[in-house]
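Following: one structure in structure tokens, then a few remarks.
The values are calculated or read from the model by the stated rules, or taken from the named source; none is laboratory data. Bear in mind that the values here come from a model prediction, so they are computed numbers and not experimental data. Note that each Cβ is placed from the backbone with ideal geometry, even for glycine, and that neighbours are counted across all protein chains shown. To get the accessible areas, we keep the full protein, side chains included, count just its heavy atoms, and leave off ligands, DNA and RNA. Shrake-Rupley method; radii C 1.70, N 1.55, O 1.52, S 1.80 Å.
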Amino acid sequence: MNIELLNKSNSDLKTDITLVFLTPTQLKKNSKKTILKKAGFEATQDSLCFLHDKEMLMCGVASNNADDIRSATCVAIKALNKTKYKSVKLLIDDKSLIFAFVEGFVLGGYTYDNYKSKKSKTALQQVSFIYLNDDYKLAIKNFSDAIIVADATCFTRDIVNTIPEDLNPPSFAKLAKKLAKDNSLMCEILGEKELKKEKCNAILAVGRASRHDSQLIHLTYKPKNPKKIISLIGKGLTYDSGGLSLKPGASMVTMKMDKAGACAVLGIIKAVSELKLDIEVHAFVGAVENMIGGNAYKPDDVLVSRSGKTIEVRNTDAEGRLVLADVLDFAQDKVNANYMFDFATLTGACMVALGQYTTGVMGHSTRLKHSISKASSNAGELTASLPFNKHLNKQIKSEIADICNMSNKPYGGAITAGLFLDAFIKKQNKQKWLHFDIAGSAYTESPWDVNVYGGTGAGVRFMSEFLKTL
Ligand code: BES
Ligand code: ZN
Ligand code: ZN
């Protein structure tokens, strides 16, 4: 499917069908209102009405705000994909809505059929947005930025959706190398030999029972005179069986998505490099597989992390925080960043706290959390703050080591996981760091908003939006 933004000169473009978005108020003034009324179309949010003989598809929206437009566009593209129409056009007169239309078409129309023997084929090949106002140049910038971010989101979804047999730590490293080559990024990969030298014992312990070597991946996007330096850190559990604290069968299904934080980080650096933003961005990924076996790490082990802090393991399924402890420490030694953000499918507790749709935001800087909240609402992603407090720190105290990887109480699990990570953030970086728990938001088995079955690409849109404002 090709999407383009056209201006006045091609406004008389002929396509198979035209999309028209209408609020209930706009419907009352529409020239087709009688026939639409007959068909029972009331322009309620996400309702559709094909007028085939008029070559029109009417789409209902509650209002003309971005969230409503995005949602209605998703419904429209799904309906169009079931028809034989090859080309569609729509008139846009507010350039601030271009990104919502693009996201609706690209993200709502996304399908992943890599493992189907019969690939889904749609007739629709051409989508043309027509923008008639004078500031076409500004509109085309909005349009191309939106395409870059939406494509990066789909790139992230594709990796999340790849099965653990195809995407394991070494093949993840290979994929990162290819991204680096395609987008002119620098790329450093640490295999197990280098991880030993770096004393990344927590990473090595988690990955020890896997037949795949653990990897630490570091990609860098470095423009000429960067205004800021950003470090992004991603949890890349290419599979999380739970380890010896084995997950029950039903909870293990979907755990290929435990690499979604790492996939988001790759998607974000891809977007930033294509948007050509004036900031230096580092992506750090711990790619590890958490398995069982005679050489698996155990509940009762004490690990000496890269930072020197010792960790009592009481549950091998709380492995993400162990991997991140080493990656965060490595990232802070390598780069003196202005901001540090980690993305991780870290806890089921985050889904219990916020529901499946919302990313949990944790950290010390109220200002930074506020900026992220603004960016996410502009980008159409849901985030909410889960506040730290000193009392919860008691829950991850250990009798035998510096810290414990599991809380001694069943409450506040998302926050205690965030506080565990906080223990590996150096004093001077406390205000620069935020942790994003995307356990719920990164993957879905039922469609919602712009998301279809599988990886959602959570994090890519709101972080790209935030980085654009720097
Ligand atoms: N990868 C899981 C968290 C998760 C759960 C992500 C469901 C997405 C959906 C993580 O490694 C994990 O297993 N966490 C445990 C921590 C507990 C053992 C302290 C959890 O949430 O149950
Ligand atoms: Zn786990
Ligand atoms: Zn995990």
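According to the calculation over all Cα-Cα pairs in the range 185-254, the P(r) per 10 Å bin from zero is 15, 38, 27, 15, 4, 0 %. Net length available on complete extension from Leu13 to His391 is 129.7 nm, with 0.36 nm assigned per residue and the Cα-Cα distance removed.
With the biggest extent put first, the Cα atoms of the range 321-390 measure 34, 26, 26 Å across the principal axes.
The GluC sites (Glu not before Pro) of the range 304-412 meeting both criteria, a DSSP state outside H, G, I, E and B (loop) and at most 14 other C-beta atoms within 10 angstrom of the site's C-beta, are Glu399. Surface composition of the range 370-449: carbon plus sulfur atoms hold 53% of the accessible area, using a 1.4 angstrom probe and ignoring ligands, DNA and RNA.
Classify the range 1-99 as rounded, prolate or oblate from the Cα gyration tensor: take a ≥ b ≥ c as the square roots of its eigenvalues, call it rounded if a/c is under 1.5, otherwise prolate when a/b beats b/c and oblate if not. It is rounded, given that a/c, with a ≥ b ≥ c, falls under 1.5. Building the convex hull from the alpha-carbon atoms of the chain and averaging its projection over directions returns 23.6 nm². Taking only protein heavy atoms and a 1.4 Å probe, the accessible area of the range 1-148 is 53% carbon and sulfur.
Surface listing: Tyr339, Tyr297 arranged by accessible area from highest to lowest gives Tyr339, Tyr297, probe 1.4 Å. Between Lys228 and Glu280, the built amide H atoms are under 5 Å apart, and every one of these is 5 or more places off in sequence or on another chain. For Lys197 paired with Thr254, estimate the spin-label separation in nm (one decimal), with each label point 7 Å from Cα along the Cα-to-Cβ line. For Lys197 paired with Thr254, the spin-label model returns 4.1 nm.
Summed over qualifying helices (DSSP H, 4 residues or more, each -39500 (n - 2.57)) and divided by its residue number, the chain shows a 222 nm mean residue ellipticity of -10500 deg cm²/dmol.
Averaged per residue, the chain has 43 square angstrom of accessible surface, using a 1.4 angstrom probe with ligands and nucleic acids left out. Accessible surface of the range 198-300, 1.4 Å probe: 52 percent of it comes from carbon and sulfur atoms.
Ordered from longest to shortest, the equivalent ellipsoid semi-axes for the range 215-285 are 33, 11, 7 Å, each the square root of 5 times a Cα gyration tensor eigenvalue. What the Cβ-Cβ distance of Asp93 and Glu42 gives, at R0 = 22 Å and to the nearest 0.05, is a FRET efficiency of 0.45. Helix check for the chain. Which DSSP H runs span at least 27 Å along their own axis by Cα, with a mean Kyte-Doolittle hydropathy no less than 0.0? Those that pass (Cα extent of 27 Å or more, hydropathy at least 0.0) are 136-161. Using R0 = 60 Å, the C-beta based FRET efficiency linking His52 and Asn183 works out to 0.90.
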